[in-house]
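Structure first, commentary second.
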Amino acid sequence: MAMIQLQPARIRGALVRALRRALTATLTGRRVAFAGGLVTLLMVLLFGLDPLLFWATSHHGYLLIPSSLGVPFLLPGLRFARFADESWAALGCEDFAALLMVLTVVRILARHRRTYPSSGRLHRFLVGWGALMLGGLLAGAFRGIAVARTVDGGPLAYFGYPALGAAFGVLWCLLLGWIPGLAAVFAVLPSAAVDRAREWWVESGRLILAYLLEPAVEQIRSWRGGGRAELALRRLDLTDDENHSARGDAAP
């Protein structure tokens, strides 16, 4: 009877372990693509922040030079609210261009991982860099088409704006492509490196915590304690002054 009651727990544990192994295998095979896509998503979210746009326009006015040609001066930003008097259609185009960059990086890194499962770190770094450049090219071309559609400038505009948008998109991604490249590199760490890092933490990491972090915490506590004591003394002094003044007023 006890064996019958224990069987559901055993079956549930076996299913959980099997699911965990399958999920681990799946994530291990797609870790490079997920890492590159995640950092690209964070980049487009950062470019979608209004404070960044205000800071760039106020401190680096030369970035607005491409705007005189009708080309957006930054990479597409993923936003959920309109910027100034921006239309909803323009916001949708910006969000689509940002997601196009993310999906391009994910697609290229996933295909690279399937084609070259044992590629080196330098290879993955260059592929991640090139993936962001291709994403910037496609996103810039799409944004140029959206601008040409807005101004209705004829065949020359439908060729010139996408070309300029793609060129500036590639230029930006040429400067920032190292970010997904590093993400692709550090997404897959050799087991030997992980073991060395674990051994270093066991041998030296705790010493760093003991000799650096704990004294800093104690110093902060002492500062807080000293501040509280000083505040209490000030309150006592104020109370004594009030008592003396009250006695002086009541004496006559």
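Any read-out appearing in this document is the output of simple, stated calculations on the displayed coordinates, not a laboratory observation. Owing to the predicted nature of the structure, the values given are computational and were not obtained by experimental measurement. Neighbour counts are summed over all protein chains in view; Cβ atoms, including those assigned to glycine, are modelled from backbone coordinates with ideal geometry.
What percent do you get for the relative contact order of segment 118-186 when only Cα pairs under 8 Å and 6+ apart count?
Dividing the mean separation by the residue count of segment 118-186 yields 51 percent.
If you average 1/r over every pair of different alpha-carbon atoms in segment 66-162 and take one over that average, what Kirkwood value in Å do you get?
Evaluated on segment 66-162, it is 14.8 Å.
Report the net charge of residues surrounding PHE83, where surrounding means a beta-carbon distance below 15 angstrom and charges are Lys +1, Arg +1, Asp -1, Glu -1. Intermediate values should be presented prior to the final figure.
Details: positive: ARG79, ARG82, ARG143; negative: ASP50, ASP85, GLU86, GLU94, ASP95.
In short, -2.
Would you calculate the separation in nanometres between label points at PHE34 and SER118, each defined as 7 Å from the Cα along the Cα-to-beta-carbon direction?
2.4
Summing Lys, Arg as +1 and Asp, Glu as -1, what charge do residues with Cβ under 9 Å from the Cβ of VAL185 carry, VAL185 excluded?
Counting the neighbours of VAL185, the net charge comes to +2.
Please compute the length gained on full extension between LEU126 and ALA163, using 0.36 nm multiplied by the number of residues separating them and subtracting their Cα-Cα distance.
10.9 nm
Taking the Cβ of PHE47 as the center, what net charge do the other residues with Cβ under 15 Å away carry, scoring Lys and Arg +1 and Asp and Glu -1?
Here the count lands on -2.
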